[in-house]
Amino acid sequence: MEKTQFFTNILPTETLSYKNIYMENNGNLDLNNVNVIGCIIKDSIFQMVNFCSADFDGTILNHCDYSDCDWSRVDCCSLTAVDTTFNQVDFTLSTMRDCEFKKCTFINCTFEHIALSGSTFQDCKFIKIHLLQSSTYLNTYTNCEFEHCNINGNFYYNMLIDNKYYKTFFQEKLLAYNYFITESGMALELIGYRQDIRDDLRNYLIEYNLLINLVLFELNEYQDVDMAVIRFIVAIRKLIEINILIREEQLRFLYNLLNYFITTEKISVVTIAEALSCLEEMFAYFEEHKNETFIKSKSTLKLIKNELSMFYQSIGSIIAYSADSSMRDTEKIVKIVYEEEPQIPICSIINEIKAALKIEAPNAVRIKAEKGSFHEWISCYDSVLGCLQLFVAVLGLGYSVINTHQKHVCKNNQLEEEPMLNADNPNQMIALINKALSKQKINPEFNQTISIVVKNEVIASKKFRGYNRSNIQSIDITTKND
């Protein structure tokens, strides 16, 4: 591809549309109010170029360098930037919507009063960024690095996933307005959140009925995803009851958050069932007792409900009873290690599932238990292991017991408080689930297992009665007499 000179030849207010721009080296140009539409700009350098009030629409930047440029009041829609550096670029009062940045670097740039929404940043670096005032909503930052940054202002309802922070601090309240998670279990103190600040923030959120933000704050503290999902729905219900308007970006954020939990398998299908029953009951009640908050929130709440329903149907069509009738039904010994003893014996649940599926085999029985943490050994046959697999699958525990595969689950802190409202009556919850999902194709054994699990209240709002990832440490399976 030959070197081009499109930007050298264009004048302010003119338009470049659908051009391939390659290896341009531009400096000291006045390109204010230009329109750059559907262009691909590759391997190009821009130094001290004035793009003030320009429009970038559907344009791709690939391996470019912008230094000391003026991007103030720029309107960017569906801009894609890959391996591009922005060094001392002024983005003041710019608007960015639905943009995508991959492996980009932002150094000492100005983002004051920027309107940035619906955009993604992946594997990007932010160096010496000091954000004081902005309107930064519903963006996702994944595997990014923040170095010597200070984030303040309306930096709300963003997802910060697996990022690294070096000498970077966020305004105290932002812990309740954004989702923070790292694989290494980042200490919140590293980004400026001392315990005394967190206590004051919690009290503030409670005092002013900022219930959705309170749940988000506790999710960031404890990373208890299942509990948080139920609490979000309970918080929404409470706000609708007292007719406090819920901001659209809050509901959109919850939709994005649920989608992330689903795609990364951080949420159990039992929690989806509980959430769907809460939403079904909420819709039924407020259709009869409408108020302004419900009417305004209804369409986005339906999107959330549909997303959960689709995931439930998808999992329900995959999880099934597994038994090989050609194999000899041999006795197995299952050793399970817990942090604490669950509130309901696992054998009683397994045997309920076995009876519901009409499996002809001896019941699972506990043969030994030890205190300390809590260890138990149970005896069950191959055909009954399928019932155990159904149980751990609907709880999303991450074990594959059929193949005698063991997986250890990292312990997480748990929320110590009970949910803000009690869970529905189990029979009522099952009826609501069946109503919400009456037209979906779901494996019957999956449906039976969900009903039994819900009946025994092994659900998020009851901390799964001890059958959660933080309490179950390992599952080992051996053949008897091995």
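The values are calculated or read from the model by the stated rules, or taken from the named source; none is laboratory data. The structure displayed is predicted, hence computed values, not measured ones. Don't worry about glycine lacking a Cβ; one is built from the backbone with ideal geometry, like all the others, and counts go over all protein chains shown.
Of the set (1) at pLDDT 95 or above; (2) under 26 Å from the mean Cα position of the chain (by Cα); (3) surrounded by fewer than 20 Cβ atoms within 10 Å (Cβ to Cβ); (4) closer than 27 Å to Asn32 by Cα, all apply to Ser135 but (1).
The single residue among Ile114, Ile21 that is free of Cβ contacts under 8 Å to residues at least 24 places away in the same chain, more than 29 Å from the chain's Cα centre (by Cα), surrounded by 18 or more Cβ atoms within 10 Å (Cβ to Cβ) and assigned by TED's automatic domain parsing to the domain that holds Phe155 turns out to be Ile21.
Applying the set (1) polar (S, T, N, Q); (2) out of contact with any Gly (no Cβ under 7 Å at 6 or more places or on another chain); (3) surrounded by fewer than 15 Cβ atoms within 10 Å (Cβ to Cβ) to Thr92 leaves exactly one unmet item: (3).
Applying the condition of being part of a loop (DSSP other than H, G, I, E, B) and farther than 19 Å from His375 by Cβ to region 440-474 and asking which residue is nearest to the chain's Cα centre (by Cα) yields Ile459. Taking region 218-270 as the range and being without any contact (Cβ under 8 Å) to a residue 12 or more places away in the chain and either crowded, with 22+ Cβ neighbours inside 10 Å or among the acidic types (Asp, Glu) (or both) as the test, only Glu241 passes. Of Ser17, Ser44, all but one fail to be hydroxyl-bearing (Ser, Thr, Tyr) and under 25 Å from Lys103 (Cβ atoms); the exception is Ser44.
Filtering region 84-95 to residues that are within 31 Å of the chain's Cα centre (by Cα), of a type outside the set (A, V, I, L, M, F, W, C) and part of a strand (DSSP E or B) leaves Thr85, Thr95. So, of the residues in region 362-392 that are at pLDDT 90 or above and among the small types (Gly, Ala, Ser), which turns out to be nearest to Ser451 (Cα to Cα)? Here the residue is Ala364.
Taking Tyr66, is it in contact with a strand residue (DSSP E or B) (Cβ under 9 Å, 6 or more places away or on another chain), within 20 Å of Ile114 (Cα to Cα) and hydroxyl-bearing (Ser, Thr, Tyr)?
Judged against the criteria, Tyr66 is a match.
Pairs are defined by a Cβ separation below 7 Å, a sequence spacing of at least 6 or placement on different chains, a first member in region 127-141 that is without any contact (Cβ under 8 Å) to a residue 60 or more places away in the chain, and a second member that is among the charged types (D, E, K, R) and assigned to a loop (DSSP other than H, G, I, E, B); the pairs so defined are Leu132/Glu112; Gln133/Glu112; Ser134/Glu112. Taken as a whole, the condition of being over 29 Å from the mean Cα position of the chain (by Cα), at pLDDT 95 or above and over 16 Å from Met23 (Cβ atoms) does not apply to Ala81.
If you filter region 127-141 down to residues that are assigned to a strand (DSSP E or B) and out of contact with any Cys (no Cβ under 9 Å at 6 or more places or on another chain), you find that the one that is farthest from Ile114 (Cα to Cα) is Thr140.
One residue is enough: does region 48-62 have a residue meeting the conditions among the hydroxyl-bearing types (Ser, Thr, Tyr), under 24 Å from Cys144 (Cβ atoms), surrounded by fewer than 19 Cβ atoms within 10 Å (Cβ to Cβ) and in contact (Cβ under 8 Å) with a residue 12 or more places away in the chain? No: zero hits.
Considering the conditions (1) buried (at least 19 other Cβ atoms within 10 Å of the Cβ); (2) in a helix (DSSP H, G or I), Asp199 is excluded by exactly one of them, (1).
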